[in-house]
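Before any comments, here is the structure.
The values are calculated or read from the model by the stated rules, or taken from the named source; none is laboratory data. Everything numeric here is computed off the predicted structure, so don't read it as measured data. Backbone-built Cβ (ideal geometry, glycine too); neighbour counts: all protein chains shown.
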Amino acid sequence: MLKYIISTYLLLCCFIGYGQENKPKQALDSIKYKQTYGLRVGVDLSRPLKGFLTEGYSGLELVGDYRLNYKLYLAGELGNEQRDKQEDLYNFTTSGSYIKLGVDFNTYDNWYGEQNMIYFGGRYAFSTFNQTLNNYQIFDSNRYWSPDGFAEGSSEPIEFKSLNASWIEFVAGIKAELFARIYLSGSARMSFLLTNKNPENFKNLFIPGFNRVTDGARFGVGYNFTLSYLIPIYKKVKPPKKVTPKLQPK
């Protein structure tokens with residue numbers, strides 16, 4: 001999966017580079033250009049694709065950001081996921097919703113009028129979900145009574161409700177303008193679990209928005225590939241950069 005993320009980043013860099021090469025270089029010293037400020041909303045394309053390719057998975061994520069100044073954006077994601085998974089000893093189903101809120105900082109120096117981004121950011125995320133243990137078997141190192149498998153535990157579903165978890169995410173990504181106000185973006189995410197309300201006599205195995213939970217580890221990884229549209233609200237003049245004259249040697 002990492003090679004696909006890297007390939008997408010390189011593709012988005014090409015889009016940005018192509019857009020820059022085709023912008024006319026005007027005399028910016030004497031002209032004041034207005035930058036567009038507004039709300040950018042979109043959808044994550046990777047989750048429907050994952051649902052198509054992965055049995056037992058379904059999910060939807062909406063994304064958005066709002067420009068505060070030339071570099072800083074408020075950003076967030078809102079989503080829902082369901083995961084049906086068969087492990088060696090048990091089968092479970094997890095379903096729930098999540099919200100992520102934070103900021104993105106753009107490190108890319110655009111031409112006037114552009115809003116491409118190479119950014120870093122952070123999120124605080126919270127998820128609420130239910131988990132159902134559909135069936136399980138009992139692990140026993142003595143295989144005398146069950147040489148071909150483990151002993152049957154229960155096939156009656158056990159539901160655990162009102163579970164929740166919270167975490168922080170570190171985000172790195174790229175946004176490139178494909179057409180007027182339409183953006184393609186990709187981001188990679190490293191998550192650190194802060195709280196995790198486990199059910200009694202069981203553990204959370206999957207957290208919507210966070211991904212798989214492993215024993216003894218609080219870290220998780222994720223990604224998204226989004227298509228979004230910019231809704232312009234107002235424009236604001238960005239003053240040109242001040243150039244400090246260099247002192248000429250006598």
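The figures follow:
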item: Set Asn201, Asn211: member being over 18 Å from Ala125 (Cα atoms) and among the polar types (S, T, N, Q); result: Asn201
item: Residue match in segment 50-58 (condition: among the polar types (S, T, N, Q), surrounded by 15 or more Cβ atoms within 10 Å (Cβ to Cβ) and in contact (Cβ under 8 Å) with a residue 60 or more places away in the chain); result: no
item: Filter pass, Glu152 being crowded, with 17+ Cβ neighbours inside 10 Å and either closer than 17 Å to Ser187 by Cα or modelled with pLDDT under 85 (or both); result: no
item: Filtered residues of segment 31-53 (kept if assigned to a strand (DSSP E or B) and among the polar types (S, T, N, Q)); result: Gln35, Thr36
item: Residues that are among the hydroxyl-bearing types (Ser, Thr, Tyr), within 14 Å of the chain's Cα centre (by Cα) and either surrounded by fewer than 17 Cβ atoms within 10 Å (Cβ to Cβ) or in a loop (DSSP other than H, G, I, E, B) (or both), drawn from segment 119-135; result: Tyr124
item: Among residues of segment 81-118, those that are aromatic (Phe, Trp, Tyr), outside any strand (DSSP E or B) and in contact with a strand residue (DSSP E or B) (Cβ under 9 Å, 6 or more places away or on another chain), counted; result: 2
item: Gly220, sole failed condition from (1) modelled with pLDDT under 95; (2) in a loop (DSSP other than H, G, I, E, B); result: (2)
item: Residue count for segment 156-207, restricted to those that are surrounded by fewer than 17 Cβ atoms within 10 Å (Cβ to Cβ), among the acidic types (Asp, Glu) and outside any loop (DSSP other than H, G, I, E, B); result: 1
item: Breaking point among (1) surrounded by fewer than 15 Cβ atoms within 10 Å (Cβ to Cβ); (2) modelled with pLDDT under 85, for Leu12; result: (1)
item: Only one of Gly64, Gly38, Gly79 that is buried (at least 21 other Cβ atoms within 10 Å of the Cβ) and either closer than 30 Å to Tyr108 by Cα or touching a residue at least 12 places away in the same chain (Cβ under 8 Å) (or both); result: Gly79
item: Given (1) surrounded by 14 or more Cβ atoms within 10 Å (Cβ to Cβ); (2) in contact (Cβ under 8 Å) with a residue 24 or more places away in the chain, index of the condition Asn211 fails; result: (2)
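Condition check ((1) modelled with pLDDT of 90 or more; (2) not aromatic (Phe, Trp, Tyr)) across all residues:
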residue: Ser185; (1), (2): yes, yes
residue: Thr195; (1), (2): yes, yes
residue: Thr214; (1), (2): no, yes
residue: Phe225; (1), (2): yes, no
